[in-house]
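Single-structure report; data block below.
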Amino acid sequence: MTTGADVRDILELGGTEPENIGTINKKDIINSDKKKSKKSSETLTFKRPEGMHREVYALLYSDKKDAPPLLPSDTTQGYRTVKAKLGSKKVRPWKWMPFTNPARKDGAMFYHWRRAAEEGKDYPFARFNKAVQVPVYSEQEYQMYLHDDAWTKAETDHLFDLSRRFDLRFVVIHDRYDHQQFKKRSVEDLKERYYHICAKLANIRAVPGTDLKIPVFDAGHERRRKEQLERLYNRTPEQVAEEEYLIQELRKIEARKKEREKRTQDLQKLITAADTTTEQRRAERKAPKKKLPQKKETEKPVNILLYPVALVLHYTIALPCLWPELACQDLG
């Protein structure tokens, strides 16, 4: 049989004191939800520390809150499972079928998966099989135009045969070159001989009146370039540091030069502005001045009453000046 204490425990009501045991009020049952909310609000409220930004404080969480996600999640789809968008068409069948590569001359047979509708078609990657067109010369052309004392015909034939096999990759050609049977040659020597023969054959077989694109190879320039690259690679750390120092000094000199040029331009602008102002002033002085029309002075009527007063003033001022002369006349 349940007692009042059990009811209080179920409803999470306080008051486990002996005086409250066994007595349940109506007020306690009605206000039980409010007490729960107060307790929960008291446990979930935290005060932000002073000096901590609001964004940083929002990243914190307690045991009562969910932990923030470590990775951004895409919630545009919601919690619904995305359905597969399947078309109404039937699936195209695939088939395990053999194929041959036109780039191979040994007739090797390979197998791969392919659509059943494409059975019997050519290998799709055969269009990438691009071979270099190496010219072919006859015995007569060689004796008439291509003969060279430093090269024999057998050695030239060997060079062109390797050029066809390795698609003009001269580093590979030099590696596979028969240096025991023939004279030892460098990569530049092989290139020079090949392009020299190509230029000769292009000139011989050219139709008159057409523009020729003759390949030219400068073996001397290539040798100097490689020699310079080798010297650059074999520099010591002291030489590298000296070069960097010289480059920095050169940049400083260029910066000072630009600043000096800028000052010169500014000074030139000031001189030009001063010259223009002086010329304008000279032009203004030389220009004829316009005479303003003078107003005719109208004769003012003389006041008759003021005339005796002016006469008296005149004599009072002039007579003291004449007194010495009058005195001299009396003495004489």
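The values are calculated or read from the model by the stated rules, or taken from the named source; none is laboratory data. The shown structure was predicted, so the numbers you read here are calculated from the model rather than taken from an experiment. Note that we place each Cβ from the backbone using ideal geometry, even for glycine, and neighbour counts take in every protein chain shown. Surface areas here come from the heavy atoms of the whole protein model, side chains and all, with no ligands, DNA or RNA. Shrake-Rupley method; radii C 1.70, N 1.55, O 1.52, S 1.80 Å.
Using 0.36 nm per residue, how much length does the chain from R48 to A206 gain when fully extended, once their Cα-Cα distance is taken away?
Stretched out fully, the R48 to A206 stretch lengthens by 47.9 nm.
Just subtract the alpha-carbon distance of K89 and F128 from 0.36 nm times their residue separation and send over the number in nm, one decimal.
10.7 nm
Order E238, E243 by their accessible area, 1.4 angstrom probe, all chains in place, largest first.
From most accessible down to least: E238, E243.
Round to the nearest 0.05 the FRET efficiency obtained for Y142 and S186 when R0 = 25 Å and r is the Cβ-Cβ distance.
Efficiency, rounded to the nearest 0.05: 0.65.
Could you list which residues have their amide H under 5 Å from that of R185, counting only those 5 or more apart in sequence or on another chain, with H placed in the peptide plane?
The list, which skips near neighbours in sequence, is empty: none.
Counting other C-beta atoms within 10 Å, and keeping those with at most 15, which DSSP coil trypsin sites (Lys or Arg not before Pro) do you find in the range 173-254?
Answer by residue number: K183, K184, K213, R235.
Test of understanding: what is the full-extension gain from R260 to A287, defined as 0.36 nm times their sequence separation minus their Cα-Cα distance?
Result: 5.6 nm gained on full extension.
What is the percent of Cα-Cα separations in the range 93-206 that go past 16 Å?
68 percent
For the range 139-190, how big is Rg over Rh, using alpha carbon atoms and the Kirkwood form of Rh?
0.97
Could you rank F160, F128 by how accessible they are, 1.4 Å probe, largest area first?
Largest accessible area first, the list is F128, F160.
Calculate, for the range 148-276, the solvent-accessible area per residue in square angstrom, rolling a 1.4 angstrom probe over the heavy atoms of the protein chains.
Per-residue accessible area for the range 148-276 comes out at 78 Å².
State which entries of K105/K226; K262/K286; K105/K153; K200/K226 exceed 31 angstrom in Cα-Cα distance in the structure shown.
Violating the 31 Å Cα-Cα cut-off are K105/K226; K262/K286.
Mind ranking S186, S163 by accessible surface for me, highest first, 1.4 Å probe?
S186, S163
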